[in-house]
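All remarks here apply to the structure that follows.
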Amino acid sequence: MALGTIDPQALERVRQVGGDQLVADLVQLGLDSIRARAAAARDAVGRGDAAEVRREAHALRSSAANVGAVRLARLAEQVELHADARAELHELVDDLVVESATVERALRETHP
Amino acid sequence: MTEPVIAVVEDNPDNRLLIQAMLGGRFRLVEFEDGSSALAAMRAEPPALVLLDISLPGMSGVEVLEHMRADPALAQLPVVAVTAHAMAGDRERYLDLGFDAYISKPIVDVAQLTATIERCLGAAPRPQ
């Protein structure tokens, strides 16, 4: 089954912990993190810094999972696993940047 | 009674926010974004337990643990590995490295997190 952009159950679990305010704060911090980490991963690919690519993708995966961005989390995992494979990495990180923007649009719609 | 102090060493602010929301009412949390600042502060004022992210900028969580275990002031502290690596065999690997427990991210189960912390706080001191 294809993964959707956002799994709403993830943020519902967060709501049960800390209500709507925690969800709003987590979405804001998560999107800030996703945007910054995706840009940093792309820069690190440009420099050929595999260790930094891996670290940024790992952190991005965590932020994506927190907000239920399941497809983005899966992509970040692929980047982590292929950080040393230069041929595939450029395309994977491009996909990561595109999916990050998709996640941001989706969450801005539901959590303006 | 004063709440036990837990050091949270985690560079992602969203993860720190979640941990604060989950544990803030039961424990006093002190937060650090990297291992070096955490080690310096913990040497001055050791917490009751450390929640330690593995993938940190600069010094990794595993390196932070090695520094702690080599330091008499910190060697006995319970340390819980917190990681999104979540590969098969991770739990055993981190326990073998000397962590007292392991929590995988995203952290979704408050009861499991709290139970892990309580168990580590109540455990007997580690052998010298």
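The values are calculated or read from the model by the stated rules, or taken from the named source; none is laboratory data. Just so it is clear, the structure is predicted and the values come from calculations on it, not from any experiment. Neighbour counts are summed over all protein chains in view; Cβ atoms, including those assigned to glycine, are modelled from backbone coordinates with ideal geometry.
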message: Residues to consider are B:Gln20, B:Gln76; find the one that is of a type in the set (S, T, N, Q) and away from every other protein chain (no Cβ under 14 Å).
response: B:Gln76
message: Looking only at helices (runs of 4 or more DSSP H) that lie completely in segment A:6-112, which have at least 1 residues being within 9 Å of another protein chain (Cβ to nearest Cβ) and more than 20 Å from B:Ser55 (Cα to Cα)?
response: A:8-47
query: List pairs: first in segment B:25-38 and under 14 Å from B:Asp53 (Cβ atoms), second aromatic (Phe, Trp, Tyr) and buried (at least 16 other Cβ atoms within 10 Å of the Cβ), Cβ under 7 Å, 6+ apart or cross-chain?
result: B:Ala38/B:Phe32
message: So A:Leu3 ticks every box in (1) farther than 15 Å from A:Ala106 by Cβ; (2) modelled with pLDDT under 95 but one. Which box is left unticked?
response: (1)
